[in-house]
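The next block holds one structure in the form of structure tokens; read it before the comments.
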Amino acid sequence: MNRRRPRPAPPGCVHIIGGRWRGSRLAVPALPGLRPTPQRLRQTLFDWLAPVIEGARVLDAFAGSGALGLEALSRGARAAVFFERDRAQAHALESDLVRLHADGGRVRCVDALHALAAPAPEPFDVVFVDPPFAAGVWTQAAALLAAGGWLAAGAWVYVEAGVDAAWDAPADWRVHRQRETGAVRGTLFHVAVT
């Protein structure tokens, strides 16, 4: 059987890899620290999340290209909120949501740490924490998520960091799965129900 291989994305572009928008392209602008999740790691992550993504409320806290939140919507998440501090990229994300007819997506042009420091308007079932590696804000972001009511009972939190990055997760976050791809480590935590 001869299977056609998908054409690789051109530089500055990633594809949604599953769900109703599979194959849709997302532009990746040249922003400092913007580094989309590698495709292989993104596939692994959504394989891990397959049992819980349908109907989930998702927060893409450091959205960048929006690939993680859009992938979640493509695979059946009920709603996704994107925090993106770069105004031009926030507008690009809004355009992607319109182009894909993604009624469940909402973009907030805001610094993620500033937004997370405020009480959550509602809790999320799945949260993606993938900040620019040079910022080193994993511990701070995790503490704000845990303290501000951002996490639903039994939430799942995906954190992407460099393999050498040292940071502290809240005590009730249990490592569910972890994978390293090149210089990137992706860890999926399950928040213990208290």
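The values are calculated or read from the model by the stated rules, or taken from the named source; none is laboratory data. Everything numeric in this text was worked out from a predicted model, so none of it was measured. Neighbour counts run over all protein chains shown; Cβ positions are idealised from the backbone, glycine included.
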Q: For the stretch 133-169, name all the residues that are over 18 Å from Ala115 (Cβ atoms) and free of Cβ contacts under 8 Å to residues at least 60 places away in the same chain.
A: Gly136, Ala153, Gly154, Ala161, Gly162, Val163, Asp164, Ala165, Ala166, Trp167, Asp168, Ala169
Q: Give the stretch 60-71 a look and list any residue that's charged (D, E, K, R) and either in a loop (DSSP other than H, G, I, E, B) or farther than 22 Å from Gly148 by Cβ (or both), or say none.
A: Glu71
**Q.** Residue list for the stretch 72-95, restricted to those being assigned to a helix (DSSP H, G or I), farther than 16 Å from Arg108 by Cα and either modelled with pLDDT under 95 or of a type in the set (A, V, I, L, M) (or both)
**A.** Ala72, Leu73
Q | Output for the stretch 123-164, where each listed residue is among the acidic types (Asp, Glu) and out of contact with any Phe, Trp or Tyr (no Cβ under 9 Å at 6 or more places or on another chain) | A | Asp164
Q | Cross-chain or 6+ apart pairs with Cβ under 8 Å, the stretch 112-132 first and under 15 Å from Phe46 (Cα atoms), then of a type in the set (Lys, Arg) | A | Asp125/Arg57; Val126/Arg57
Q. In the stretch 154-163, what residues are crowded, with 20+ Cβ neighbours inside 10 Å and under 17 Å from Val137 (Cβ atoms)?
A. Val157, Tyr158, Val159, Glu160
Q: Pick out the one residue from Ala143, Ala166, Ala183 that is at pLDDT 95 or above and over 23 Å from Ala77 (Cα atoms).
A: Ala143
Q: Return yes when Leu70 is surrounded by 23 or more Cβ atoms within 10 Å (Cβ to Cβ) and closer than 23 Å to Gly186 by Cα and no when it is not.
A: yes
Q. Inside the stretch 99-124, can you point out the residues that are in a helix (DSSP H, G or I) and at pLDDT below 95?
A. Arg99
Q: Name, by its number, the condition in (1) surrounded by fewer than 18 Cβ atoms within 10 Å (Cβ to Cβ); (2) over 19 Å from Arg57 (Cα atoms) that does not hold for Gln89.
A: (1)
Q) Taking the stretch 170-182 on its own, how many of its residues are surrounded by fewer than 13 Cβ atoms within 10 Å (Cβ to Cβ), assigned to a loop (DSSP other than H, G, I, E, B) and touching a residue at least 12 places away in the same chain (Cβ under 8 Å)? A) 1
Q. Just checking, which of Ala142, Ala166 is farther than 17 Å from Leu45 by Cβ, surrounded by fewer than 19 Cβ atoms within 10 Å (Cβ to Cβ) and not aromatic (Phe, Trp, Tyr)?
A. Ala166
